[in-house]
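What follows is a short report on a single structure.
The values are calculated or read from the model by the stated rules, or taken from the named source; none is laboratory data. Just so you know, these numbers come straight off a predicted model, no measurement behind them. Heads up, the Cβs are rebuilt from the backbone with ideal geometry, glycines too, and the neighbour counts pull from every protein chain shown.
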Amino acid sequence: MKFGAQVGCYRNKWDDIANVVDVMEKGAWDSIWFADHYIPPPGRKEEEHLTAHEGYSVSAAVAAMTKKLRIGHLVLGNTYRNPALAAKMAGTIDHISHGRFTFSIGAAWFKREHEAYGWEFPSMKERQDRLEEACSLVRQLFRSSNPVTFQGDFYVLDDAPFSPGSFDKPIPIMVGGTGPKRTLRTLAMYGDIFNLDGWAGGPMTKDYMDHKWGILEKHCEEVGRNITEISKTVLMPTLLSDDQSKIDAMMKGRRLGEGSAVGSKNYVIDRVGEIIESGVDEIMFGGLQTETPEEFERFEKEVLAAFS
């Protein structure tokens, strides 16, 4: 079983992030993940001035300072970069890390940061169309040994070389989101990793995951893809605490519910065990406080050790 963590890159300092990276690299963690926003979500006006480190830059730095952790995003917003540029950046980080990078991408949702930075915020349909086309383009770049020509409705490549490309094997692609009609179909066609995001409010029960996985399986059958080529992961909001006031504060105003592991040591261990039994390949924990790297050490000793 593999365990990772989504490490916060908002409302903090780079040194906070670096300290957590050091703890995770020395510990039993398998992977580290960063979000991709330019204003701290969820977008409170009074917080717009607070720190929001650019996700790709953070990943490149972490690639250079680690040897074992796999690195990725949960997830890149497709509208923020031309996908060929995003692929080029991925190839560079994959070489810096010697093959430890995962390319994770979604349609993007945060309207306010598009407005703030002067980016177009298309309709949901167009964002899904763009995501599907971007994934097709990126997959071709990751898997071709020759220059790629691509003619889409939104993106065009003209005999574009991709060097440095993937370090040893094609960079895996995670498609963010579990929308049944478009997102999971895009994943079936072009992705390698499924991720169920507990922050999005899903119950994260075995029945719910089986339901989403079943939809993906049908899409795979329709596009001629073997679903065994796709790994199953979850992002699980987490708080390890006996303090009910802290538990209530984390749950307040969020749709976490059964999608989270918020509570005492035994409760969190039980929840993690349930997710493992559902057949996932990796769990990424979100919500651990970057300002206190000791929390990552404690979580490793009290929770991860129970499954070693």
**OP:** Residue by residue through the range 97-109, note down the ones that are of a type in the set (A, V, I, L, M, F, W, C) and touching a Ser or Thr at 6+ places or on another chain (Cβ under 9 Å).
**Re:** 101, 107, 108
Subject >> Output for the range 4-19, where each listed residue is more than 14 Å from residue 76 (Cα to Cα) and in a strand (DSSP E or B) >> reply: 4, 5, 10
Subject >> Residue under evaluation residue 188, criteria (1) of a type in the set (Gly, Ala, Ser); (2) part of a loop (DSSP other than H, G, I, E, B); (3) at pLDDT 95 or above, criterion not met >> reply: (2)
Original post:
Would you call residue 194 in contact with a helix residue (DSSP H, G or I) (Cβ under 8 Å, 6 or more places away or on another chain), in contact (Cβ under 8 Å) with a residue 12 or more places away in the chain and surrounded by fewer than 17 Cβ atoms within 10 Å (Cβ to Cβ)?
Top reply: no
Original post:
How many residues are within 23 Å of the chain's Cα centre (by Cα) and outside any loop (DSSP other than H, G, I, E, B) when one looks only at the range 249-293?
Top reply: 22
**OP:** Test residue 228 against the stated conditions and say whether it is under 26 Å from residue 33 (Cβ atoms), modelled with pLDDT of 95 or more and buried (at least 17 other Cβ atoms within 10 Å of the Cβ).
**Re:** no
**OP:** Could you run through the range 188-210 and say how many residues are hydrophobic (A, V, I, L, M, F, W, C) and within 14 Å of the chain's Cα centre (by Cα)?
**Re:** 5
**OP:** Could you list all residues from the range 20-64 that are assigned to a helix (DSSP H, G or I), crowded, with 20+ Cβ neighbours inside 10 Å and polar (S, T, N, Q)?
**Re:** 59
**OP:** Collect the residues in the range 269-304 that are more than 30 Å from residue 228 (Cβ to Cβ), hydrophobic (A, V, I, L, M, F, W, C) and at pLDDT 95 or above, keeping them in residue-number order.
**Re:** 296, 299
Subject >> Matching entry among 207, 168 (being among the acidic types (Asp, Glu) and free of Cβ contacts under 8 Å to residues at least 24 places away in the same chain) >> reply: 207
Subject >> Filtered residue count, the range 162-178, keeping only those that are over 30 Å from residue 209 (Cβ atoms) and either surrounded by 12 or more Cβ atoms within 10 Å (Cβ to Cβ) or touching an Asp or Glu at 6+ places or on another chain (Cβ under 9 Å) (or both) >> reply: 5
**OP:** Would you check if there is a residue in the range 294-306 being within 19 Å of residue 232 (Cα to Cα) and of a type in the set (Gly, Ala, Ser)?
**Re:** no
Original post:
Among the strands (runs of 3 or more DSSP E) contained in the range 68-167, which hold 2 or more residues that are at pLDDT 95 or above and touching a Phe, Trp or Tyr at 6+ places or on another chain (Cβ under 6 Å)?
Top reply: 70-73
Original post:
Of all residues in the range 97-119 being closer than 21 Å to residue 168 by Cβ and surrounded by fewer than 19 Cβ atoms within 10 Å (Cβ to Cβ), which is nearest to the chain's Cα centre (by Cα)?
Top reply: 99
Original post:
Given the conditions (1) surrounded by 15 or more Cβ atoms within 10 Å (Cβ to Cβ); (2) assigned to a loop (DSSP other than H, G, I, E, B), which single one is not true for residue 242?
Top reply: (1)
Original post:
Does residue 93 fit the bill of being over 17 Å from residue 5 (Cα atoms), in contact with a helix residue (DSSP H, G or I) (Cβ under 8 Å, 6 or more places away or on another chain) and buried (at least 20 other Cβ atoms within 10 Å of the Cβ)?
Top reply: yes
